[in-house]
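Encoded as structure tokens, the structure appears first; notes follow it.
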Amino acid sequence: AGWLAVHGNDGKLVSEQLVLSQTSSVRVHAVVARSGGGWLAAGYAGNFQSGGVRALSVGLDANAQIAWQKLPDYDISRWFYALAATPEGGAVLAGGRVGVAGVSNGWLVRIDPFGNTVWDQTYGSQKGENFRAVTLRPDGGIAAVGDQSGNQPWLIRADAWGNSSCLSTGKCLAV
């Protein structure tokens with residue numbers, strides 16, 4: 001299980017929530033406030049060394065109560081390290097997934113305010129890509145950064161539907 005704690009502007013604890021109480025290993029890597037109130041969180045459940053991990057997303061309402069938890073049962077390991085809130089109350093989640101050769105690819109998922117998948121896209125070339133950060137661009141597009149092979153900086157620029165216009169291990173201009 002994992003814990004989410006929400007603190008007010010004064011630093012006092014507002015709410016404390018147990019996430020996935022039936023799961024032994026939960027990692028929450030990112031939390032953001034969403035428009036209209038509430039929060040979104042992302043991470044994974046499971047263990048990389050013993051059987052893989054499952055991507056996790058959690059929505060909390062304006063009272064810091066869990067509104068929904070999503071832990072899809074994919075056939076391969078997937079995880080989230082970052083997320084960016086979208087104007088309508090959803091999010092773009094960023095992380096990775098194991099590819100067909102057993103090596104990770106970068107993975108972006110856009111969800112609606114209820115945690116339902118709008119789209120998901122995989123990026124990379126089976127070189128151990130992972131996204132570590134994601135942001136929304138002023139034009140509504142997405143920029144995500146991470147690493148390739150654990151040490152090579154890696155960047156993509158995509159439109160609001162995840163279609164990549166710039167995928168680079170080197171220079172990616174005008175991101």
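Is there a quick way to get the dipole size of the chain? I mean about its Cα centre, with the Cβ of Lys and Arg at +1 and of Asp and Glu at -1; what is the value in debye to the nearest 20?
Dipole of the chain, to the nearest 20 debye: 340 debye.
Placing unit charges on the Cβ atoms of the charged side chains and taking the dipole of segment 36-102 about its Cα centre, the candidate lying farthest along the positive direction among PHE80, ALA91, ALA41 is PHE80. Note on the chain: with a GNM built from Cα contacts shorter than 10 Å, the maximum mean-square fluctuation among GLY95, GLY38, GLY150 falls on GLY150.
Leaving ligands, DNA and RNA out of it, report the carbon-plus-sulfur percent of the accessible area of the chain at a 1.4 Å probe. After summing per-atom areas, the C and S share lands at 50 percent. Here mean projected area of the Cα convex hull in nm² was computed from the coordinates, and among (i) 15.7; (ii) 19.0; (iii) 10.5 the match is (iii). Note on ASP10 and ASN116: their simple-model spin labels are 4.0 nm apart, each label 7 Å out from Cα toward Cβ. For segment 1-149, averaging the sequence separation of C-alpha pairs within contact (under 8 Å, six or more residues apart) and dividing by the residue count gives a relative contact order of 15 percent.
The values are calculated or read from the model by the stated rules, or taken from the named source; none is laboratory data. The structure displayed is predicted, hence computed values, not measured ones. All Cβ positions, even for glycine, are placed from backbone atoms using ideal geometry, and neighbour counts span all protein chains on display. Please note that ligands, DNA and RNA were not included when accessible areas were found on the heavy atoms of the full protein model with its side chains. Shrake-Rupley method; radii C 1.70, N 1.55, O 1.52, S 1.80 Å.
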